[in-house]
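For reference, the structure is listed below as structure tokens.
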Amino acid sequence: MRILVVEDDKKIASFVVNGLKQSGYAVDHAEDGEDGLIRAQTTQYDVAIVDVMLPKLEGLSLIRQLRAGHIQTPVLILSARSSVDDRVRGLREGGDDYLTKPFAFSELLARVQALIRRSTHSPEPTRLHVGDLAMDLLTREVRRDGESIELQPREFALLEYLMRNANRVVTKTMILERIFDYSFDPQTNVVDVLIHRLRRKVDKERAIIHTIRGVGYVLRPD
């Protein structure tokens, strides 16, 4: 899952971006409304988190332009304004949810997850199963054949992505775009390194993560 955060306050932006990354999301950050609009128009995001008071282009104007361009990315509005009129205006301008500052990260995360569920028109699963491999998305526990596996946040995010695409090949480019925060660089080996680390923990005696030479990787049970 990829999220855009449009926030000019460095402290709040760091709090939100780091929290989302630690929760396994790929995150892009824009410091002003114009940059945020360009990113939202050119990249497919699962959710955008947009502050109201932004330099260069105000947050509600950004949302209006997205909706005018038929971009339906779910938008969570952040604002220090807490009146009913402000919340109603934000939702009427095209926002999907409204969160007032200050806020707890746990609430922001819950709202993001709710927007994702709503946009896919289906309940977000809390557990994933592929063969004897099981992942609990709420407790962030992973087990294979009943044995617990400890994963770092980036390893967990990669395994979740592979499990959601079980039996389908995912390329290095796809992994970089969904798990990391930058576009594909043919010289980088970060995907290979992360796959190697994940295999050491998950594969053990029976491989479940397979390399499709020249194409990418697939998670496929025996």
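Data for the structure
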{"read-out": "Spin-label pair Arg67/Asn18, simplified geometry with 7 Å Cα→Cβ offset, distance in nm", "value": "3.4 nm"}
{"read-out": "The chain: antiparallel DSSP beta bridges as a percent of all, rounded to 5", "value": "50 percent"}
{"read-out": "Accessible area (Å², 1.4 Å probe, nearest 10) - His196", "value": "110 Å²"}
{"read-out": "Cα-based shape type of the range 1-81, given that a ≥ b ≥ c are square roots of the gyration tensor eigenvalues and the cut on a/c is 1.5", "value": "oblate"}
{"read-out": "Per residue value of the accessible surface for the chain (all protein chains in place, 1.4 Å probe), Å²", "value": "52 Å²"}
{"read-out": "The chain, relative contact order in percent, only Cα pairs under 8 angstrom and at least six apart counted", "value": "16 percent"}
{"read-out": "Within the accessible area of the range 31-144 (1.4 Å probe), percent carbon and sulfur", "value": "50 percent"}
{"read-out": "Column: log10 I(q)/I(0), Debye, Cα scatterers of the range 47-166, q = 0.13, 0.19 Å⁻¹", "value": "-0.66, -1.00"}
{"read-out": "Most positive-pole-ward Cα, Met135, Leu91, Pro74, against dipole of the range 26-158 from beta carbon charges", "value": "Leu91"}
{"read-out": "Distance between the range 190-222 and the range 1-65 - C-alpha centres, whole angstrom", "value": "32 Å"}
{"read-out": "Expected-Rg normalisation [2.2 N^0.38 Å, Cα atoms] applied to the range 99-163", "value": "1.31"}
{"read-out": "Unit charges on C-beta of K, R, D, E only; dipole of the chain, Debye", "value": "500 debye"}
{"read-out": "Among 8-15, 160-167, the order from most to least packed when residues are scored by Cβ within 10 Å on average", "value": "160-167, 8-15"}
{"read-out": "Distant alpha-carbon pairs in the range 125-222 (separation over 21 angstrom), percent", "value": "27 percent"}
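The values are calculated or read from the model by the stated rules, or taken from the named source; none is laboratory data. These numbers were taken from a predicted model, which means no experiment stands behind them. Quick reminder, even Gly has a Cβ in these numbers, built from the backbone with ideal geometry, and neighbours come from all protein chains shown. What goes into the accessible areas is simple: the full protein's heavy atoms, side chains included, and nothing from ligands, DNA or RNA. Shrake-Rupley method; radii C 1.70, N 1.55, O 1.52, S 1.80 Å.
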